[in-house]
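Data first, discussion second: the structure below is written as structure tokens.
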Amino acid sequence: MIGFNLMWALYLLPVPLLAYWLIPKAQQHQAAVRVPFFSELSELQHNKKNVIGLAKLQTAVVITIWCSLVLAAAGPTWIGDPINLPSSGRDLLLAVDLSGSMKIEDMEVNGDRVPRIVAVKTVLNEFIQRRKGDRLGLILFGSQAYVQAPLTFDQTTVQRFMREAQIGFAGEENTAIGDAIGLSVKRLRDRPGDRHVMILLTDGQNNGGKINPIPASKIAANNGIIIYTIGVGADEMVMPGVLGSSFGSRRVNPSADLDEKTLQQVATATGGQYFRARNPQELEKIYRLLDQLEPVEDKKETFRPQKSLFYWPLGLAFILSALTALIKFPWRDGLHLSKTNKEPPAISPGELNH
């Protein structure tokens, strides 16, 4: 598609024609009468057709030069097809616990007991897929916290890093919840925009790292960061008895170490919410609810690439002007018949009386 930056400039195209019609022709008044020789008159009649043809060519060249200059002044621009740009959505950091307790098999997927981390990966994979338009980041924490994926629009990369995460990547013995919050604050506080969110998932309590979760959450609140916390793990599971039989089996609470009070305080301090996921179905509902609490921006921004084309008509006008200057057209010599013939002498009226 071709457009013009200064469309009004095209109205200048008929200006020379209007000038030709409206401006009166100049009248020549000479005090002498020019008397050509008979041979020159004969040659003029012979070359009359050639002179007329060259005059038409001159007119066409001049018109083309004028039109090219006007087109160049109008700013012709090629406009490409619309291209969708990544929307400037919120910054969303996912903090996932990879401590040793995430290996506990108290989650059921398709009828099979699986470790907590497997259920978390399954649900998170779908959640990440739905967050189109958000900048997503991934923090993994155990005995320490580190950034596995910086904030990015590349959902596929974040999903891959989450799938590849294994227990022990960040240490197995402790759970540094405060360090994970502190690292999130460091990553989000200087980010542009007005919506920064962290979703923290853990199955334990803060027993490692250097930062206490409560002061860290207050710092997050002061920087406008909202933290949603999720406590994962079943309330009850049956431990098998002797040789895997039901004899001697007992019921235990695998989430006894889950510090729900601290997670609630962290969420409340930052304007977020605390959720409890006892099975994969509840975990899926929680992330669906988070989609509602933090909806994806529907507004799409588009960009249409543009390329200026003014140099094409301007170049054409320059080339034609240069050729006109180099080629010797008849009109440049006042319709002379020959380069060697001199102009007939001028005879004044007084000389005619003699």
Going by the conditions given, is Asp203 modelled with pLDDT of 90 or more, of a type in the set (D, E, K, R) and over 30 Å from Glu108 (Cβ atoms)? no
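Quick one: how many residues across the range 138-158 are surrounded by 22 or more Cβ atoms within 10 Å (Cβ to Cβ) and out of contact with any helix residue (DSSP H, G or I) (no Cβ under 6 Å at 6 or more places or on another chain)?
Pass one, the range 138-158, residues surrounded by 22 or more Cβ atoms within 10 Å (Cβ to Cβ): 138-142, 145, 158.
Cutting the leftovers down to out of contact with any helix residue (DSSP H, G or I) (no Cβ under 6 Å at 6 or more places or on another chain) gives us 140, 142.
The total comes to 2.
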Against the definition (among the polar types (S, T, N, Q), in contact (Cβ under 8 Å) with a residue 12 or more places away in the chain and surrounded by 22 or more Cβ atoms within 10 Å (Cβ to Cβ)), how does Asn206 come out, yes or no? yes
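Mind counting the residues in the range 185-244 that are within 20 Å of Ser99 (Cβ to Cβ) and of a type outside the set (A, V, I, L, M, F, W, C)? Show your work before the answer.
Initially, the range 185-244 is screened for residues within 20 Å of Ser99 (Cβ to Cβ), giving 198-214, 216-217, 227-235, 237.
Filter once more, keeping what is of a type outside the set (A, V, I, L, M, F, W, C): 202-210, 212-213, 217, 228-229, 231, 233, 235.
Selection size over the range 185-244: 17.
I need a count of the residues in the range 110-134 that are on the phi > 0 side of the Ramachandran plot and either free of Cβ contacts under 8 Å to residues at least 60 places away in the same chain or touching a Lys or Arg at 6+ places or on another chain (Cβ under 7 Å) (or both).
Filtering the range 110-134 for residues on the phi > 0 side of the Ramachandran plot gives 110-111, 133.
Going one step further and asking which of them are either free of Cβ contacts under 8 Å to residues at least 60 places away in the same chain or touching a Lys or Arg at 6+ places or on another chain (Cβ under 7 Å) (or both), we end up with 110-111.
The total comes to 2.
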Matching strands (runs of 3 or more DSSP E) fully within the range 58-119 where at least 2 residues are at pLDDT 90 or above and open to solvent by less than 60 Å² (accessible area, probe 1.4 Å): 76-79, 91-97
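Is the range 135-155 home to any residue that is of a type outside the set (S, T, N, Q) and without any contact (Cβ under 8 Å) to a residue 24 or more places away in the chain?
Here is the first cut: in the range 135-155, the residues of a type outside the set (S, T, N, Q) are 135-142, 145-147, 149-151, 153-154.
Then drop every residue that is not without any contact (Cβ under 8 Å) to a residue 24 or more places away in the chain, which leaves 149, 154.
Yes, the range 135-155 contains at least one residue that is of a type outside the set (S, T, N, Q) and without any contact (Cβ under 8 Å) to a residue 24 or more places away in the chain.
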In contact with a helix residue (DSSP H, G or I) (Cβ under 9 Å, 6 or more places away or on another chain), at pLDDT below 90 and open to solvent by 50 Å² or more (accessible area, probe 1.4 Å): does that describe Leu54? yes
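Is it fair to say Glu173 is touching a strand residue (DSSP E or B) at 6+ places or on another chain (Cβ under 6 Å) and closer than 22 Å to Ala256 by Cα? Spell out the reasoning first.
Values: touching a strand residue (DSSP E or B) at 6+ places or on another chain (Cβ under 6 Å): no; closer than 22 Å to Ala256 by Cα: yes.
Considered against the rule, which asks whether it is touching a strand residue (DSSP E or B) at 6+ places or on another chain (Cβ under 6 Å) and closer than 22 Å to Ala256 by Cα, Glu173 comes out as no.
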From the option list Asp190, Asp179, single residue qualifying as free of Cβ contacts under 8 Å to residues at least 60 places away in the same chain and either crowded, with 17+ Cβ neighbours inside 10 Å or in contact with a Lys or Arg (Cβ under 7 Å, 6 or more places away or on another chain) (or both) is Asp179
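The values are calculated or read from the model by the stated rules, or taken from the named source; none is laboratory data. Just so you know, these numbers come straight off a predicted model, no measurement behind them. Don't worry about glycine lacking a Cβ; one is built from the backbone with ideal geometry, like all the others, and counts go over all protein chains shown. Side chains are part of the model used for accessible areas, which takes the heavy atoms of the whole protein and leaves out ligands, DNA and RNA. Shrake-Rupley method; radii C 1.70, N 1.55, O 1.52, S 1.80 Å.
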